[in-house]
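See below for the structure under consideration.
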Amino acid sequence: MGFGQHQSFYFRPSWINKGLEHIGQNSRFFYEKNHFEILGLGKNMAKSLRHWLIATNVVEEQKGKKTVHTFTDFGQIIYKYDRHLQHGLSLGMLHYYLVTNKDMATSWYWFFNEYRESVFDRERLITALEKWIEVSGLKAVSPNTLKRDIDCLLNMYALKDYKNLTPEDVISCPLENLEMISKNVSNYYTKSFADVDEIRDILFVSLLVYSEKHGQNEFAVEELAESPELWGKVFNLSRSAIVEYATQMTEGYPIRFIRTNKLDTILLTKEITSIEALKEKFEQYSKEVSSYA
């Protein structure tokens with residue numbers, strides 16, 4: 001399990017591009033003595049960047065006589081089509097890979113896949129995470145580490161009031177644009193569904209990733225709503241929202257939505273990989289942009 005590996009920093013808007021750019025030129029970049037100076041970051045920030053690159057599945061670490069970092073297939077797509085993270089599809093898939101990475105981002109996995117409350121405060125989150133770790137039989141984690149995880153997670157996703165923030169705080173994480181956590185004046189937070197134009201593309205590609213991982217191409221709506229790593233948990237979607245999106249996605253996506261008295265089921269009807277689907281979507285975006293130029 002992975003706790004506290006982010007050095008208390010969430011990734012900034014330019015970080016993914018910076019990391020991919022340098023790894024593309026030198027697979028041992030993060031082992032160069034002056035790598036953090038080249039990045040223009042402090043040493044701990046550079047460690048944090050390396051963590052986020054791997055945790056969001058844009059880079060993989062290959063161990064051998066010398067450890068190297070290389071692009072994943074997903075990382076290649078991001079670097080080619082959207083290295084500055086302008087598209088909701090990129091953000092949605094970075095989010096999906098992060099919160100399903102139980103080994104490297106355990107607190108993030110827990111919050112989106114296991115924690116059931118939709119309204120909470122910071123202290124309640126920390127207490128619930130501590131209890132989950134104990135009940136799950138995991139090795140005890142220091143309270144300070146868990147507090148840093150929760151603070152980092154909330155700062156990554158929660159929409160901010162920029163009027164009273166310091167210049168450092170104004171630098172947001174790109175995942176804030178998914179609008180999945182909001183904060184009210186009483187310091188309580190609320191989970192919200194991912195609100196981006198590309199949400200149907202995100203749901204489709206993430207379902208392909210799940211299908212590839214688990215060897216499954218048929219899903220009951222209840223499963224999509226309640227099971228870890230699927231739509232309801234990962235994107236904060238209600239059952240009714242899932243039914244609405246599934247109905248819409250029968251047009252334009254290789255998806256069949258079967259409705260019966262006893263069980264509503266979604267079926268993937270075409271053999272296509274998540275990477276092929278991602279590439280198709282970004283090619284489609286590029287054509288749409290060109291048509292407006």
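Loop-located GluC sites (Glu not before Pro) across segment 221-262 with a Cβ neighbour count of 12 or fewer within 10 Å are Glu251, with loop assigned by DSSP.
Distance from the Cα centroid of segment 214-235 to that of segment 28-58 is 34 Å (rounded to whole angstrom). Derived scalar couplings between HN and Hα for segment 256-261 equal 10, 10, 9, 10, 10, 5 Hz in order, rounded to whole Hz, by the Karplus curve 6.51 cos²θ - 1.76 cosθ + 1.60 (θ = phi - 60°), x for Gly and Pro.
Labels on offer are [x] 0.99; [y] 1.03; [z] 0.96, and the one holding Rg/Rh (Cα atoms, Kirkwood Rh) computed from this structure is [z]. Among His214, His35, His95, the largest mean-square fluctuation in a Gaussian network model of the chain, built with springs joining Cα atoms closer than 10 Å, belongs to His214. Each of the peptides 152-159, 132-139 was scored by the mean count of other Cβ atoms within 10 Å over its residues; in descending order, highest first, they stand as 152-159, 132-139. Protein heavy-atom surface of the chain, 1.4 angstrom probe: 47% of the accessible area is carbon and sulfur, with nucleic acids and ligands not counted.
Close amide H partners of Ile181, meaning residues 5 or more places away or on another chain with modelled amide H under 5 Å apart, are Leu159, Ser192. With 19 Å as the limit on Cα-Cα distance, the pairs of Lys139/Lys191; Lys160/Lys281; Lys66/Lys139; Lys102/Lys213; Lys65/Lys102; Lys63/Lys279 that go past it are Lys139/Lys191; Lys160/Lys281; Lys66/Lys139; Lys65/Lys102; Lys63/Lys279. At an R0 of 51 angstrom, the distance between the Cβ atoms of Ser240 and Asn44 translates into a FRET efficiency of 0.70.
Between the amide H of Thr70 and those of Glu60, Gln62, distances stay under 5 Å, these residues lying 5 or more places away or on another chain, with hydrogens modeled in the peptide plane.
Accessible surface area normalised per residue over the chain is 50 Å², counting heavy atoms of protein chains with a 1.4 Å rolling probe. Protection proxy ranking for 196-203, 64-71, using the average of other Cβ atoms within 10 Å per residue and placing the highest first: 196-203, 64-71.
The values are calculated or read from the model by the stated rules, or taken from the named source; none is laboratory data. Since the structure is predicted, the reported quantities are computational estimates derived from the model, not experimental observations. Positions of Cβ are generated from backbone atoms using ideal geometry, with glycine treated the same way; all protein chains shown enter the neighbour counts. Accessible surface areas use protein heavy atoms only, side chains included; no ligands, DNA or RNA. Shrake-Rupley method; radii C 1.70, N 1.55, O 1.52, S 1.80 Å.
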